[in-house]
Amino acid sequence: MEKAAFELAGKACELYTPDGDGREAELIFIQAVDDHDAEGFPAMLEIMNQQIEQPFVFADFYVGDWNADLTPWDAPPVFGKEGFGHGAADTLAFVSEMFIPEVRARAKLSETTPIVVGGYSLAGLFALWCAYQTDAFAAVMAASPSVWFPGWRDYSDAHAPKVPAIYLSLGDKEEKTRNQVMAQVGDNIRHQYDVLKQNASVESCTLAWHPGNHFKDNEKRCAAGYIWCAKALTK
């Protein structure tokens, strides 16, 4: 894929487009990222290109403060000394009002090209939270999302998602931690999946389990999620 870097509202962004085969992209994948995510993109995109039939573009933007910009409300520290902020709404506004229009313009795509918002860890939680805020996305890919986040389970129980296809995944060792808050991630994601399955507005939903802890094969887990979303949108 061809890569183009650009800056938007002070954020570093990247756009990956199909090599010049003349086909217009039929899907847009977007993701909030950090340097660790970006390191795995070559492997992730290679897997996606091998298994996704539709031509697609992939766009990412770098998050300045992971703990502040991706979470929807303030919360005390769960690990280390840094707490969480309430910047998710501002980040979604950036995505909706600036990033998506810029991606569509640069890739020469119409307003009807479906968008999948994805993410890993706290970015996965952000993607999942977006499902409850807007119907602008065709699917959500939440890989190892931080559903241990204080207050998230109550919030998702009390609200209905607006996105028809939602992918969830978790490593099978992630809940095996001494951190009592983060140890809730397994029960919470099982509960999340059960609730989503019963929601009439969700047409497709799955929960995938991967071997290993939170830091194993991030790029492969994300690729699997995006592949599922692409298939869900062709049914």
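The numbers here are math on the coordinates, done by the rules we state, and not lab data. Everything quoted here is computed from the prediction, not taken from an experiment. Quick reminder, even Gly has a Cβ in these numbers, built from the backbone with ideal geometry, and neighbours come from all protein chains shown.
By the scheme Lys and Arg +1, Asp and Glu -1, what is the net charge of all other residues having a beta-carbon under 13 Å from that of residue 103?
Every neighbour counted, the sum reads -1.
May I ask for the net charge around residue 6, where only other residues with Cβ less than 10 Å from the Cβ of residue 6 are counted and Lys, Arg are +1 while Asp, Glu are -1?
-1
Quick one: net charge around residue 195, please, counting Lys, Arg +1 and Asp, Glu -1 for every other residue with C-beta under 13 Å from its C-beta.
The answer is -1.
What's the whole-number percent of alpha carbon pairs in the chain lying beyond 27 angstrom?
Working: 7688 of 27495 pairs.
When every Cα pair of the chain is considered, 28 percent fall beyond 27 Å.
With charges only on Cβ, +1 for K and R and -1 for D and E, what is the dipole size of region 2-232 about its Cα centre, in debye, rounded to 20?
Here the size comes out at about 540 debye.
Can you put 16, 167 in order, fewest other beta carbons within 10 Å first?
The most exposed by this proxy come first: 16, 167.
What order do you get for 144-151, 191-198, 40-47 when each peptide is scored by the mean count of other beta carbon atoms within 10 Å, highest first? Could you put the intermediate results ahead of the total?
Working: 144-151: 22.9, 191-198: 15.5, 40-47: 17.2.
Highest mean packing first, the order is 144-151, 40-47, 191-198.
So for each of 32-39, 69-76 I average, over its residues, the number of other beta carbons within 10 Å; can you give me the resulting order with the highest mean first?
69-76, 32-39
What are the lysines whose alpha-carbon lies under 25 Å from the alpha-carbon of residue 216, with same-chain residues fewer than 8 places away excluded?
Of all the lysines, those that pass the test against residue 216 - Cα under 25 Å, at least 8 places apart if same chain - are 81, 173, 176, 231.
Students often check this: by mean Cβ neighbours within 10 Å, which of 226-234, 89-97 ranks highest, and how do the rest follow?
Peptide ranking by packing, descending: 226-234, 89-97.
Would you mind computing Rg(Cα) / (2.2 N^0.38 Å) for region 128-193, counting N as its residues?
Working it through for region 128-193, the quotient is 1.12.
If you place +1 on the Cβ of every Lys and Arg and -1 on the Cβ of every Asp and Glu, how big does the dipole about the Cα centre of region 98-235 come out, in debye to the nearest 20?
Rounded to the nearest 20 debye, it is 340 debye.
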